[in-house]
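None of the figures in this text is laboratory data; all of them are computed from the coordinates on show. Just so you know, these numbers come straight off a predicted model, no measurement behind them. Here the Cβ positions follow ideal geometry from the backbone for every residue, glycine too, while neighbour counts run over all protein chains shown.
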């Protein structure tokens, strides 16, 4: 069974039970007020439920509510990640638009502007998912949780170190996704930050998470933070440090976002897009890869129906086949491919090939990677392809394209099926709502 929270080998203990849902905390300047969405959920963290949410004022920030605060902040990240997977997938070559809607055309053909919905859409938006607002809210709510926890004592909050570790890790992942997707961003009305600066911010959160989880003897959060830090180090160009952290991740480790069949904001958004509403389809490049190799990780099924654009046959990914299909945020295979990338960078090509084939076997694909000429270029090409398949629709592809300078497809200038042409955009610009209203940036 796949779980909504951090998991290791099935023989190890799962993350302890916590109840939560959403806290929406002001992050970008257009989020006006801080609130926490509470829930009566009382099931184990592996089957989170949202029920009768209501907003509370600042008085909720009390030591007695520490668990609620952290669990709510985690809920903000889960919501943001769900939106991010679809938005980034449409922006690059994982999903393709299937409806007649100009904002969807712009996202798919990479002709977005700083006023496009990615900047202001929140977690209630399904047709045009948000990137900047949901991730900014998730980052802010988790940072806010940590700030309060650091002001309390262990006597007031017995599991304080554990909670600091969890919230810091989710703040780190929020920042990593901002860095991998945004051309620039701002935090707390601060100055405009580059992706490298966002990654540096993420690294500080992961450092805090690693230290706190170590104090708490919380192996699950520790592994989650270590893998997040490894991803950040890879983004910063330090594959050696990334591999060192990644090597500590145990087999079977995985962190999933669990979904709900009825709560709209918690339904698997890939399922909503490709099946329920048929707003998008798996990109033909992925469809062609599956047709040629039958790799179960990228398996697809056709609905047999055209989208409302009149051109796109809607095909859905089998891994997101229903409203409750989980989505992986971090997992052992990712850690192994980070190690393989460092091996390729340091000339340990045979070791990298062995990792690629081990990941393939574990994923159920029987084709062996055996390049005719063992060079750094051929092995890196194998790693890129393996990441594309193993991490399909898990929020990595846009970051990989930018980090590795991969050619974006279709190429700029290629005609778009619903009119116009693709451009060479490879990141989301800072939204105008931030640029105009942030006094430290301005127009």
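Side notes on the structure shown:
- Here the sum of -39500 (n - 2.57) over DSSP H runs of 4 or more residues, divided by the residues of the chain, equals -14000 deg cm²/dmol at 222 nm, to the nearest 500.
- In segment 161-246, one over the average inverse separation of all distinct C-alpha pairs is 12.6 Å, which is the Kirkwood hydrodynamic radius.
- This ranking places 369, 91, 224 by how few other beta-carbon atoms lie within 10 Å of each, fewest first, which gives 369, 91, 224.
- Cβ-derived FRET efficiency at R0 30 Å, residue 293 paired with residue 350, nearest 0.05: 0.85
- Taken over the alpha carbons of segment 188-302 as equal point scatterers, the Debye sum produces base-10 log I(q)/I(0) values at 0.11, 0.17 Å⁻¹ of -0.63, -1.05.
- Spin-label pair residue 311-residue 147: with each label point 7 Å from Cα along the Cα-Cβ axis, the two points sit 4.7 nm from one another.
- Per-residue extension of 0.36 nm, minus the Cα-Cα distance of residue 215 and residue 376, leaves a gain of 53.9 nm for this segment.
- In this simple spin-label model, placing a label point 7 Å from the Cα along the Cα-to-Cβ direction at both residue 127 and residue 436 gives a separation of 2.2 nm.
- Anisotropy class of segment 286-443 from Cα gyration tensor, a/c 1.5 cut: oblate
- √(5λ) per eigenvalue of the Cα gyration tensor, segment 269-326, largest first, Å: 18, 15, 7
- For the pair segment 401-430 and segment 149-195, the centres of their Cα atoms are 31 angstrom apart.
- DSSP-defined antiparallel bridges as percent of all bridges, the chain, nearest 5: 95
- Here the residues 400, 106, ranked from fewest to most Cβ neighbours within 10 Å of their Cβ, fall in the order 400, 106.
- Exposure proxy ranking for 181, 308, based on other Cβ atoms within 10 angstrom of each Cβ and starting from the fewest, stands as 308, 181.
- The convex hull built on the alpha-carbon positions of the chain has an orientation-averaged projected area of 20.2 nm².
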